[in-house]
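Q: Quick one: this structure, given as structure tokens, is what I'll be asking you about.
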Amino acid sequence: MIIAISYKDGQIFEHFGHAEMFAIYEYSEENPNEVTKMLLEVNGIHGHKAMADLMKDNGVEIVLSGHMGTEAKNQLLAYGIIPVAGYCGHADTAADML
């Protein structure tokens, strides 16, 4: 499973469309306790479609953010990516909980 979380200073960033960075967590299918974390800077990428394209290109299956508008959610859903919004706190903990 690959999870992307809007990210700033170790925390879930408040808004998908304004994130400058995402933490990408790739969990092993064989061992869910085995995870690889990569930070992905998204400076210069603007717009919901461009952000959704970036998630698709990185194989993301779930995107978690503090807030996410309807257009962003629809773009992700069009690619089969599950949008999850309304959360705050430590990004690593949130990824593990999913």
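The values are calculated or read from the model by the stated rules, or taken from the named source; none is laboratory data. This one's a predicted model, so the numbers in the text were calculated from it and none came from an experiment. All Cβ positions, even for glycine, are placed from backbone atoms using ideal geometry, and neighbour counts span all protein chains on display. Quick note on the areas: whole protein, heavy atoms, side chains included, nothing else; ligands and nucleic acids left out. Shrake-Rupley method; radii C 1.70, N 1.55, O 1.52, S 1.80 Å.
Q: In whole Hz and in residue order, list the ³J(HN,Hα) couplings for the stretch 73-80 that follow from phi through the Karplus curve 6.51 cos²θ - 1.76 cosθ + 1.60, θ = phi - 60°; x for Gly and Pro.
A: 4, 5, 4, 5, 4, 4, 9, x
Q: Let me ask something else about it. Within the chain, what percent of beta bridges assigned by DSSP are antiparallel, to the nearest 5?
A: 65 percent
Q: Cα to Cα, under 16 Å, and not fewer than 8 places away if on the same chain: which lysines meet these conditions relative to residue 37?
A: Reachable lysines: 8.
Q: What distance in nm lies between label points placed 7 Å from Cα along the C-beta direction at residue 45 and residue 26?
A: 1.5 nm
Q: Taking R0 as 22 Å, what FRET efficiency do you get between residue 97 and residue 54 from their Cβ-Cβ distance, rounded to the nearest 0.05?
A: 0.40
Q: In addition: In the neighborhood of residue 23, defined by Cβ-to-Cβ distances under 13 Å, what is the net charge if each Lys or Arg adds +1 and each Asp or Glu adds -1?
A: After counting each charged neighbour, the total is -4.
Q: Another one. Can you pull the one-decimal nm distance between simple spin-label points at residue 18 and residue 36, each 7 Å off the Cα toward Cβ?
A: Each label point lies 7 Å from its Cα, and together they span 3.3 nm.
Q: So if I take the centroid of the Cα atoms in the stretch 36-63 and the same for the stretch 12-31, what is the distance between those two points in Å?
A: Between the Cα centre of the stretch 36-63 and that of the stretch 12-31, the gap is 8 Å.
Q: Please work out the ratio of the alpha-carbon Rg of the stretch 21-63 to 2.2 N^0.38 Å and round it to two decimals.
A: 1.29
Q: With every protein chain kept in place and ligands, DNA and RNA left out, what is the accessible area per residue of the chain? Probe 1.4 Å, answer in Å².
A: 57 Å²
Q: Next question, about the same structure. Restricting things to alpha carbons, find the Rg to Rh ratio for the chain using the Kirkwood radius for Rh.
A: When Rh is taken as the Kirkwood radius, the ratio is 0.93.
Q: Continuing with the same structure: Tell me which residues come under 5 Å, amide H to amide H, from residue 13 once H is placed; ignore anything under 5 positions away on its chain.
A: Distant-sequence amide H within range of residue 13: 6, 7, 8, 66.
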